[in-house]
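Trainee: One structure, as structure tokens, below. Some questions next.
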Amino acid sequence: MDKTKRIQTPLTVQQAVGLKVGDNVLISGVIYTARDAAHRRLAELLKEGKPLPIELEDQVLYYVGPAPAPPGHACGAAGPTTSTRMDIYTPPLIEKGLRGMIGKGLRSQAVIEAMKKHGAVYFAATGGAAALISKSIKKVEVVAYEDLGTEAIHRMYVEDFPCIVVIDSYGNNLYESGPQRYRTCKTL
Amino acid sequence: MIREIKAEKIKDTVKRLLLQANYEIGTDVLRELGLSLKREESATGKSVLQQIIDNHRIARQDRIAMCQDTGMVVLFVSLGQEAIITGGDFTEAVNQGVKEAYTEGYLRKSVVEDPLFGRKNTGDNTPAVIHLELVPGDRIKIQVMAKGFGSENMSRGKMLLPSAGVQGVTDFVIETVQKAGPNPCPPLVIGVGIGGTLDMAARLAKISLLREIGCPNGDIHYAALEKELKERVNELGIGPAGLGGRITALAVNVEYYPTHIAGLPVVVNINCHAARHAAAEI
């Protein structure tokens, strides 16, 4: 469980199903950012049957709205935002081939079911470790929805981006099993 | 004697405090994180805590925001009644300070101008939420917070019946933290406001987040309640980043106020480990 795995994007289904809950992972390659507003637009396009601005097959989405990059930095502070808000938009994206999501926080049962069905993985990055995480982001460019500012879809080139498999493609969930191991009181 | 304070000075102070708050975590938070690293039993929890501590070092060294959610700005201003503000409008000065800090300091602009219709970003992180109180003296004390919404969204309030008592308050706090799970970025600083009216309880909860970690409430009953709540929260096992562990709360701070014979308002305002605030007196 403590062994660190290095993975390279794009993330194939074979790679995805090999990742197990609790695996520490260092991601390198291209990932895409999207949060609330971008998800809303992607969902509208899918509903209208129109093409998406990025190809999702085997891609990894990072739920983040980065802070502006200070001079000399490729990216400003860029930690994960709460994934839960993206839940209602997510299952159709997984159906389109989305293979990995990086965020923090709980996911809905519908998202977990879609992950199991299509072989997708949910990674958690440490919420609030935004300055540290930004060190692993080497280059950032806007690929869609520039008008959304920080909420635009960015292409990020990352090296050894640190995260942990929190829900694997089998539906094993560290947000359930982890706290259970340390809980010493009855839940309300 | 009336003492003059220039609006420009208020603007500069707000700007300076916001930059400080976003780049440099308080020594109290850092000390508690260090103690938590020793106490945490989960290997994953330890590694998350170490990341958080490393993150604070990087933010301070590189003058980069410790968290990309640089928050909505909340100010608590205690205005001495013998002070007079000259050379400009107080609210404009505060918002100008916010604007300059967020644009010049490479901080994220996270405020939308209408909560319901359009949700267009204001572009400069204004306006701030300003709480103003009049106090004796001729000085102005300004306390700023950069309040992230991962944790704000998991905060809750309830108008309990007086019969609910200590048990009712405790259950509500525990239930709130349990429901929040990993979402508000544990380990948390938990603010609890009890009493007053609906709005007063929310204000007290927010004010309690400004208190130094490790400083209990001055009242022995409330100090005991804080200790009990912290232990109970940590028994939930949520742990750092919600991945399981002993450390879920860095602190639980409670503030109270007289209330109505018919009521027991309680508000739980959750803050993440990036508990950003700074204060100055002019």
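The values are calculated or read from the model by the stated rules, or taken from the named source; none is laboratory data. Nothing here was measured: the structure is a model prediction, and the numbers come from that model. Because the Cβ atoms are built from the backbone with ideal geometry, glycine has one as well, and the counts that use them run over all protein chains shown.
Trainee: Mind checking whether some residue in region B:151-162 is in a helix (DSSP H, G or I) and closer than 23 Å to A:Gly105 by Cα?
Mentor: Keep residues of region B:151-162 that are in a helix (DSSP H, G or I), which gives B:151-152, B:162.
So of that shortlist, the ones also closer than 23 Å to A:Gly105 by Cα come out as B:151-152.
Checking region B:151-162: at least one residue is in a helix (DSSP H, G or I) and closer than 23 Å to A:Gly105 by Cα.
Trainee: Among the residues of region B:93-121, how many are within 14 Å of B:Gly71 (Cβ to Cβ), among the β-branched types (Val, Ile, Thr), in contact (Cβ under 8 Å) with a residue 12 or more places away in the chain and within 14 Å of chain A (Cβ to nearest Cβ)?
Mentor: 1
Trainee: If B:Leu49 meets every condition in (1) more than 20 Å from B:Ala251 (Cβ to Cβ); (2) in contact with a Pro (Cβ under 8 Å, 6 or more places away or on another chain) apart from one, which number is that one?
Mentor: It fails just one condition, (1).
Trainee: Please state which of the following conditions B:Gly157 fails to meet, knowing it meets all the rest: (1) in contact with a Lys or Arg (Cβ under 6 Å, 6 or more places away or on another chain); (2) away from chain A (no Cβ under 11 Å).
Mentor: It is condition (1) that B:Gly157 fails.
Trainee: To continue, here is another question. Any residue in region B:229-255 that's farther than 19 Å from A:Gly128 by Cβ: show its pairings with residues that are of a type in the set (Phe, Trp, Tyr) at Cβ separation under 7 Å, as long as the two are six or more apart or on different chains.
Mentor: From region B:229-255, the pairs are B:Gly237/A:Tyr182; B:Val254/B:Tyr222.
Trainee: Right, here's the next one. Among the numbered criteria (1) within 14 Å of chain A (Cβ to nearest Cβ); (2) surrounded by fewer than 18 Cβ atoms within 10 Å (Cβ to Cβ); (3) within 30 Å of A:Gly22 (Cα to Cα), which one does B:Gln61 miss?
Mentor: Condition (3) is where B:Gln61 drops out.
Trainee: Within the set of pairs 6+ apart or on separate chains, which have a first residue in region B:7-18 that is under 20 Å from B:Tyr106 (Cβ atoms) and at pLDDT 95 or above, a second that is of a type in the set (S, T, N, Q) and assigned to a helix (DSSP H, G or I), and C-beta atoms under 9 Å apart?
Mentor: The qualifying pairs are B:Lys11/B:Asn95; B:Lys11/B:Gln96; B:Val14/B:Asn95; B:Val14/B:Gln96; B:Lys15/B:Gln96.
Trainee: Something else now. Of these, B:Ser36, B:Ser47, which one is buried (at least 21 other Cβ atoms within 10 Å of the Cβ), among the polar types (S, T, N, Q) and within 14 Å of chain A (Cβ to nearest Cβ)? Let's see the steps before the verdict.
Mentor: Working: B:Ser47 fails: buried (at least 21 other Cβ atoms within 10 Å of the Cβ).
None of the others qualify; the one that does is B:Ser36.
Trainee: Applying the selection to region B:171-202, what residues are in a helix (DSSP H, G or I), within 14 Å of another protein chain (Cβ to nearest Cβ) and surrounded by 17 or more Cβ atoms within 10 Å (Cβ to Cβ)?
Mentor: Restricting attention to region B:171-202, the residues satisfying the condition of being in a helix (DSSP H, G or I) are B:171-180, B:198-202.
Next cut, within 14 Å of another protein chain (Cβ to nearest Cβ) only: B:171-180.
Residues satisfying the conditions are B:Phe172, B:Val173, B:Ile174, B:Thr176, B:Val177, B:Gln178, B:Ala180.
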